[in-house]
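First comes the structure, then the notes that go with it.
The values are calculated or read from the model by the stated rules, or taken from the named source; none is laboratory data. Not measured: the values here are computed from a predicted model. FYI the Cβ positions are ideal-geometry reconstructions off the backbone, even for glycines, and counts take in every protein chain you see.
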Amino acid sequence: MNSTVPKRIHIIGSVGSGKTTLAKELSIMLEIPYYELDNVVWRRCNSGDKRRSEEERDEHLFRIIQSPSWIMEGVHNEDWVSNSFHQADLIIFLDTRYSLRTYRIIKRFFKQKLRLEKSNYRPTLAIFFKMFKWNRHFEEVGKVNFFSKYGMLHDKTAVITNNKGITELFEANNR
């Protein structure tokens, strides 16, 4: 990885890995807008979320990644996201412990139910249980798929397992 500050960053990880938190912090620190891939898939409306058509989704993502700087975050690593990985200056793969992600899913659910934390979705029990399923799926399938599809981008991929890794990554980039 080079020592210049990246202008296009893609953060990937499982549910509860810290993607959104990191994206928000980097957005402030680097003064770069961040985007959630879930909001590329879904159009958020007062009357309820509407799934974008594949064409709308792809056009929306294309517009974002054509801008000079961005931070993209999400669990997605399907083919429609491929250009985001290829256009990124830095890919941060958050590989936090499974048990930590599980704890964060539980904590987030209760904070959302108590309205202490905002969410893009209605925090129902069905979604809560799906998050555990998605977490397991990412651990067993998503992680493997990412490295088999995008392993050739290893020179711009940083695998981070904890907060110390993030600090070290950005200290190294600022030298």
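Among what's in the stretch 23-42 and is among the charged types (D, E, K, R) and touching a strand residue (DSSP E or B) at 6+ places or on another chain (Cβ under 7 Å), pick the residue that is farthest from SER69 (Cα to Cα). The residue in question is ASP38.
So, ARG136, is that one over 26 Å from LEU61 (Cβ atoms), under 17 Å from the mean Cα position of the chain (by Cα), surrounded by 13 or more Cβ atoms within 10 Å (Cβ to Cβ) and at pLDDT 95 or above or not? Yes; evaluated as a whole, the condition is true for this residue. The set of residues in the stretch 96-120 being in contact (Cβ under 8 Å) with a residue 40 or more places away in the chain and either assigned to a helix (DSSP H, G or I) or in contact with a helix residue (DSSP H, G or I) (Cβ under 6 Å, 6 or more places away or on another chain) (or both) consists of TYR98, LEU100, ARG101, THR102, TYR103, ARG104, ILE105, ARG108. Within the stretch 121-135, the residues that satisfy the criterion of being touching a residue at least 60 places away in the same chain (Cβ under 8 Å) and within 14 Å of GLY16 (Cβ to Cβ) are MET131, TRP134, ASN135.
This table checks each residue for (1) surrounded by 13 or more Cβ atoms within 10 Å (Cβ to Cβ); (2) touching a Phe, Trp or Tyr at 6+ places or on another chain (Cβ under 6 Å); (3) modelled with pLDDT under 95; (4) within 20 Å of GLY13 (Cα to Cα).
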{"position": "LEU26", "(1), (2), (3), (4)": "yes, no, yes, yes"}
{"position": "MET29", "(1), (2), (3), (4)": "no, no, yes, no"}
{"position": "ASN39", "(1), (2), (3), (4)": "yes, no, yes, yes"}
{"position": "CYS45", "(1), (2), (3), (4)": "no, no, yes, no"}
{"position": "GLY48", "(1), (2), (3), (4)": "no, no, yes, no"}
{"position": "GLU56", "(1), (2), (3), (4)": "yes, no, no, no"}
{"position": "LEU61", "(1), (2), (3), (4)": "yes, no, no, yes"}
{"position": "GLN66", "(1), (2), (3), (4)": "no, no, no, no"}
{"position": "ILE71", "(1), (2), (3), (4)": "yes, yes, no, yes"}
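Of all residues in the stretch 108-133, those being among the aliphatic types (A, V, I, L, M), surrounded by 11 or more Cβ atoms within 10 Å (Cβ to Cβ) and within 23 Å of SER47 (Cβ to Cβ) number 1. Of the residues screened, ARG175 is one that is modelled with pLDDT under 90 and either surrounded by fewer than 19 Cβ atoms within 10 Å (Cβ to Cβ) or within 27 Å of SER47 (Cβ to Cβ) (or both).
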